[in-house]
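Notes for the one structure printed next.
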Amino acid sequence: MLAFYHTPMSCSTASHIALEECAETYSRHRIRLYKPDEHAAYKRDVNPLGTVPALQTERGLLTENLAIMCYLADRNPQLQLLPLDNFERAQCLSFLSWIASSAQIARRQSRAPQRFTDDEAAYPGLSSSGAIKFKACVARIEERLANSSWIMGEQYTVADGYALVVYHWALLDNLDMTLYPHFSAHLQRMLQRPAVRRALVEEKCRLLELE
Ligand SMILES: N[C@@H](CCC(=O)N[C@@H](CS)C(=O)NCC(=O)O)C(=O)O
């Protein structure tokens, strides 16, 4: 059976949504990253990288949202959580990779500049340039959703769960989400999906209050 390691309302929510969409049987393990002892035990016993999400499979441990979501989509091909068409699949992977390597890193730079430099004097500048970059990522998702229901057009994919994580981060950063009506409408569509609701209810996520 699959074992899922996650932290509520972190980036691992994207993989949590994918797991619920697949209706896989799995055990869920909540890791409180902010508790040093718990984090150390997780690193020692499960994932030496210390990051969430992680998925223990029959064949070993998988880390990284992108890999976990693609693995789950491929295990359940009938759900078409990734496009079948070669080019569209590559486009979807491109979006997933961009969230992991650009949006998430920009936000980290804005929230935790100390992870990018030892020079305390540089923290404010790094933080504000991270915030500007993150806001540009939110705007890019808004633009992408202007003419379609889902990130990949009319097909719901694992990319939509990852976009929801970005929406949540934007709210936590107090961005005015009325400026992003298409992204906000996407959230409402997400909240209509039973699998998304199950994941968010389990994580006690405040996005549910926005319905
Ligand atoms: N690129 C990784 C990022 C994983 C990651 O950094 N997760 C954060 C939570 S959102 C984490 O585990 N932070 C704790 C740490 O870096 O030690 C992915 O997409 O899964």
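The values are calculated or read from the model by the stated rules, or taken from the named source; none is laboratory data. Because the structure is a prediction, the values reported are computed rather than measured. Ideal geometry is used to build each Cβ from the backbone, glycine not excepted, and the neighbour counts take in all protein chains shown. Keep in mind that these areas ignore ligands, DNA and RNA; they rest on the heavy atoms of the full protein, side chains included. Shrake-Rupley method; radii C 1.70, N 1.55, O 1.52, S 1.80 Å.
Of all the accessible heavy-atom surface of the range 2-79, with the other protein chains kept in place and a 1.4 Å probe, what percent is carbon and sulfur? That share works out to 52 percent. Of the GluC sites (Glu not before Pro) in the range 1-74, the ones in a loop by DSSP (not H, G, I, E or B) with at most 11 other beta carbons within 10 Å are 58.
Note down the nm distance, to one decimal, between modelled labels 7 Å out along Cα→Cβ at residue 140 and at residue 198. About 3.2 nm separates the two model spin labels.
Per residue, the solvent-accessible area of the chain (1.4 Å probe, heavy atoms of protein chains only, all protein chains present) comes to 49 Å². Reducing the range 64-82 and the range 114-130 to their Cα centroids gives an inter-centroid distance of 36 Å.
Among the trypsin sites (Lys or Arg not before Pro) within the range 1-108, which fall in a DSSP loop and have no more than 11 other Cβ atoms within 10 Å of their own Cβ? Please list the in-between numbers first.
Working: sites: 28, 30, 32, 43, 44, 59, 75, 89, 107, 108; in loops: 32, 59.
Taking the range 1-108 and a limit of 11 other Cβ atoms within 10 Å, the loop trypsin sites (Lys or Arg not before Pro) found are 59.
In this simple spin-label approximation, residue 76 and residue 43 carry label points 7 Å from Cα along the Cα→Cβ vector, and these lie 3.3 nm apart.
Assuming charge only on the beta carbon of Lys and Arg (+1) and of Asp and Glu (-1), the dipole of the chain about its Cα centre is about 280 debye to the nearest 20. Local charge for residue 42 was computed over the other residues whose Cβ lies under 13 Å away, with Lys and Arg +1 and Asp and Glu -1, and equals +2. Within the range 54-211, the proportion of C-alpha pairs whose separation exceeds 25 Å stands at 35%. Modelled spin labels at residue 154 and residue 171, positioned 7 Å past Cα toward Cβ, are 2.9 nm from each other.
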